[in-house]
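Notes to accompany the following structure.
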Amino acid sequence: MRTHSLNLHPNITEKLSFFEVAHLPEPLFSVANQCRITANEIVAMVDNHPQLTLGLQHLIEAKDCFVRAAVAQENARKGNTNPGAPLPRSNEVI
């Protein structure tokens with residue numbers, strides 16, 4: 001597997017920025033991090049191409065769905081009747 005080249009197309013670099021996960025609380029971090037790992041692995045294997053950009057966009061959309069599902073699951077676990085309510089953030093979250 002190649003490492004990210006220094007000449008990534010700006011569109012690919014922009015798409016990768018949507019996979020940042022450090023700001024997310026658990027369990028959202030773990031769910032989103034799986035998508036971040038996948039995105040980085042794919043970018044390391046596939047050269048710059050419009051279809052790579054499109055694939056990353058679809059992965060961003062999938063990640064967002066997975067995170068929303070994790071929010072709903074966590075809210076259900078905590079007995080919150082609004083499954084889409086945001087999870088409380090710790091004071092350490094930036």
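Looking at this structure, is Arg68 under 16 Å from Phe29 (Cβ atoms), of a type in the set (Lys, Arg) and at pLDDT 90 or above? Judged against the criteria, Arg68 is a match.
Taking Glu74 as the residue in question, decide whether it is within 18 Å of the chain's Cα centre (by Cα), in a helix (DSSP H, G or I) and at pLDDT below 95. It is true that Glu74 is within 18 Å of the chain's Cα centre (by Cα), in a helix (DSSP H, G or I) and at pLDDT below 95.
Sub-9 Å Cβ pairs linking a first residue in region 13-33 that is under 25 Å from Val46 (Cβ atoms) to a second residue that is of a type in the set (Asp, Glu) and modelled with pLDDT of 95 or more, at least 6 apart or interchain, are Phe18/Asp64; Ala32/Glu20; Ala32/Asp64, ordered by first then second residue. When you scan region 3-20, do you find a residue that is part of a helix (DSSP H, G or I) and either under 23 Å from Leu87 (Cα atoms) or at pLDDT below 95 (or both), even just one? Yes, that holds for at least one residue.
Screening Ala39 against (1) modelled with pLDDT of 95 or more; (2) more than 14 Å from Asn11 (Cα to Cα) leaves a single unmet condition, (2).
Counting only residues that are at pLDDT 95 or above and more than 9 Å from the chain's Cα centre (by Cα), which one in region 26-36 is farthest from Ala70 (Cα to Cα)? Only one residue fits best here, namely Ser30.
The values are calculated or read from the model by the stated rules, or taken from the named source; none is laboratory data. The shown structure was predicted, so the numbers you read here are calculated from the model rather than taken from an experiment. All Cβ positions, even for glycine, are placed from backbone atoms using ideal geometry, and neighbour counts span all protein chains on display.
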